[in-house]
Amino acid sequence: MSRRKKSHQSHGTPNRPRFWGKHAVAAALDNPARKVLRAWATRDAAAFMQFPKDVAVTLADVTDLARLVPHDAPHQGVVIEVEPLEEIWLDDLVTREGARKTILILDQVTDPHNVGAILRSAAAFGALGIVTQDRHSPPESGVVAKSASGALERVPWVRVVNLARALEEISEAEFWRIGLAGDADTDLREALGPPKVALVLGAEGAGLRPNTREHCDALAKLPISDAIESLNVSNAAAVALYAASIA
């Protein structure tokens, strides 16, 4: 047990996550809202990265850096330890400006790779931000940051205690809530229309929970062929965001 605890701490904690990879680290360094506590880098990476003067940088070889991150993590010669970003409130998200306002709601999507990829798509298609349930979503981590390829620093991420209540507040802010469900009768393109849209996606396998479905204004499916049963949730999010961006 003690060995497992030591290993977990050496890879960072939810209160002091570690990021790795040049894109994730560079984005964190460029974000004035992100507090960087420590950094480790190879000599080449240290010369490439723009570390603030107040951040202590420890020069390390590739083998030493590998011990600071999970097994086989592609650190690309640089690792940083950071503080999580300050909490963002739902009211602040739904009132953000945008030509076409789209929010992504994730119903217990817990895989950090998927959440990171969804953040990346949210940045690519100009979404206002994402909303997750606090107890059923991954914390900020190196895996999320790496998968997001910098978008973790750019896309607002709201964590809520009660997702159903959050959906009610989103409705009160005049967002049209569309739940993506493979068993829906309506295609997504037919459900879109209002300029303020909240796209609600469930976890792979389980999909949307019944209470979440009840808090949607419409249920819609992606028009995929019969050759495959469903898309990965992060791919589904990307397709849905694109559809919303051109509607």
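The values are calculated or read from the model by the stated rules, or taken from the named source; none is laboratory data. Note that the structure is predicted; figures quoted are calculated from it, not measured. Glycine gets a Cβ as well: all are built from the backbone with ideal geometry, and neighbour counts include every protein chain shown.
Here are some notes:
- Qualifying residue in the stretch 172-194 (condition: under 30 Å from residue 23 (Cα atoms) and in contact with a Lys or Arg (Cβ under 7 Å, 6 or more places away or on another chain)): no
- Taking the criterion of being farther than 24 Å from residue 164 by Cα and basic (Lys, Arg), the only residue of the stretch 67-109 that qualifies is 67.
- Residue 169, sole failed condition from (1) outside any strand (DSSP E or B); (2) buried (at least 22 other Cβ atoms within 10 Å of the Cβ); (3) of a type outside the set (Ser, Thr, Tyr): (2)
- One residue stands out in the stretch 7-36 among those that are touching a strand residue (DSSP E or B) at 6+ places or on another chain (Cβ under 8 Å) and more than 19 Å from residue 47 (Cα to Cα): the one that is modelled with the lowest pLDDT, namely 11.
- Consider the stretch 198-236 and keep the residues that are closer than 17 Å to residue 136 by Cβ, in a helix (DSSP H, G or I) and of a type outside the set (S, T, N, Q). The one that is nearest to the chain's Cα centre (by Cα) is 233.
- Qualifying position, being under 28 Å from residue 225 (Cβ atoms) and of a type in the set (Val, Ile, Thr), among 155, 144, 109: 109
- Boolean, residue 177 is out of contact with any helix residue (DSSP H, G or I) (no Cβ under 7 Å at 6 or more places or on another chain), of a type in the set (Lys, Arg) and surrounded by 15 or more Cβ atoms within 10 Å (Cβ to Cβ): no
- Search result, residues across the stretch 101-117 that are in contact with a helix residue (DSSP H, G or I) (Cβ under 7 Å, 6 or more places away or on another chain) and surrounded by fewer than 22 Cβ atoms within 10 Å (Cβ to Cβ): 108, 110, 112, 113
- Qualifying residue in the stretch 216-232 (condition: β-branched (Val, Ile, Thr) and in contact (Cβ under 8 Å) with a residue 40 or more places away in the chain): no
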